[in-house]
Amino acid sequence: MMRTLRIGARTSPLATAQAMSVARQLEAAGFTCEFVGVTTTGDVDRRHLTQIGGTGVFAQAVRHSLITGGIDLAVHSLKDLPTAPAEGLEITAVPEREDPADVLIGVHPDEVRDGMRIGTGSPRRATQLSAHFASRGIDVEFVPIRGNVDRRIGLVREGQVDATLLAAAGLRRLGRWSGEPEVSGLPATALGFDAVVPAAGQGALALEMAADADEDLRAAVASLDHRVTRAAVEAEREFLRVLEAGCLAPVGVHARPIAHPDSDDDLTLVAVAGRTYLENSTSNDSDALVKTEGRCTLADAVASGASLAHTTLGLLGGPPADPEHR
């Protein structure tokens with residue numbers, strides 16, 4: 001008799017919804033699944049992520065449960081997963097990506113005015129959106145906030161901030177938004193990549209297992225892998241790894257398939273990075289952003305992510321990445 005597959009994830013509403021969506025797919029393949037909630041450092045430490053360090057704070061406890069045998073499968077938001085591999089673990093599948101955009105909630109972008117307060121705990125979002133509005137002569141204030149979807153929307157309703165930014169993927173997975181111009185009665189607009197380039201892996205999930213897991217279980221999970229999404233996020237994560245930039249750095253990178261008459265396997269890569277993450281940068285313009293673009297096939301995705309990162313480093317004036325330290 002096939003044993004129950006224990007699926008672990010954070011206990012937040014979004015993480016639970018993501019895990020249960022994976023469970024439904026595996027149950028359709030004949031498995032019995034059980035959800036195991038895991039409390040992470042990021043869930044219990046209420047300081048801002050810039051204070052506690054964002055890399056791994058939402059993944060370490062889930063990975064520990066996987067390593068120690070408390071769960072059989074971990075479901076992560078891929079953008080929260082460190083780029084460094086965890087010994088004894090493997091990303092068995094990356095399902096097809098959900099909408100990777102960021103959504104501005106509370107005010108339409110065309111109605112943003114000087115002095116408005118936008119709540120976000122993401123330097124990536126704040127840096128890019130600040131530059132976007134500054135190009136229109138608008139000076140906004142960014143207020144560091146944390147919390148789930150309802151908490152952040154609540155801050156807008158209470159008037160503590162004029163707007164907030166949320167990932168479209170999370171809103172969609174929670175059934176809170178399907179592209180309409182409102183979320184919970186508030187104006188909602190998906191931002192184009194000309195305004196904000198997503199975080200590496202945004203909108204994608206990582207299904208992680210022990211490298212020596214049962215072959216039948218691994219095969220079932222591996223069947224959920226989406227090769228285009230995997231290639232795209234591997235390019236993005238390699239870009240981040242070469243830059244040695246964690247998830248709190250003001251760095252966005254996104255790869256997506258493009259139509260091409262000779263091949264349907266091409267990806268286009270776009271990245272934006274701020275000099276502020278380079279500790280030894282000599283630039284006086286700490287808010288300056290560098291944008292780079294590239295193109296590749298699925299087979300060349302990882303190498304192209306690395307190449308784009310080296311180009312970005314050169315434009316930022318930073319040191320070349322140390323191959324021994326990546």
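Structure notes:
- Meets criteria (closer than 25 Å to V270 by Cα and open to solvent by less than 60 Å² (accessible area, probe 1.4 Å)) for P187: no
- For R151, the conditions (1) buried (at least 17 other Cβ atoms within 10 Å of the Cβ); (2) in a helix (DSSP H, G or I) are fulfilled apart from (1).
- Per this entry, A17 is not counted among residues that are modelled with pLDDT under 90 and open to solvent by 20 Å² or more (accessible area, probe 1.4 Å).
- Test: residue in region 195-218 that is among the charged types (D, E, K, R), more than 30 Å from E90 (Cα to Cα) and under 22 Å from the mean Cα position of the chain (by Cα): no
- Number of positions in region 218-255 that are open to solvent by 10 Å² or more (accessible area, probe 1.4 Å), over 23 Å from R295 (Cα atoms) and not in a loop (DSSP other than H, G, I, E, B): 4
- Filtering region 158-176 to residues that are open to solvent by less than 20 Å² (accessible area, probe 1.4 Å) and either closer than 24 Å to V270 by Cβ or part of a strand (DSSP E or B) (or both) leaves A163, T164, L165, L166, A168, A169, G170, L171.
- Each residue in region 117-134 was checked for being open to solvent by 40 Å² or more (accessible area, probe 1.4 Å) and out of contact with any strand residue (DSSP E or B) (no Cβ under 7 Å at 6 or more places or on another chain), and 2 pass.
- Of residues in region 24-75 being modelled with pLDDT of 90 or more and of a type in the set (F, W, Y), the one surrounded by the most Cβ atoms within 10 Å (Cβ to Cβ): F31
- Residue within region 135-144 that is within 25 Å of A271 (Cα to Cα), open to solvent by 30 Å² or more (accessible area, probe 1.4 Å) and in contact with a Leu (Cβ under 9 Å, 6 or more places away or on another chain) present: yes
- Residues of region 295-312 satisfying the condition of being open to solvent by less than 60 Å² (accessible area, probe 1.4 Å), closer than 17 Å to V228 by Cβ and either modelled with pLDDT under 95 or of a type in the set (F, W, Y) (or both): C296, T297, L298
The values are calculated or read from the model by the stated rules, or taken from the named source; none is laboratory data. Because the structure is predicted, anything quoted here is derived from the model rather than measured. Ideal geometry is used to build each Cβ from the backbone, glycine not excepted, and the neighbour counts take in all protein chains shown. The protein model used for the area step is the full one, side chains on, heavy atoms only, and it has no ligands, DNA or RNA in it. Shrake-Rupley method; radii C 1.70, N 1.55, O 1.52, S 1.80 Å.
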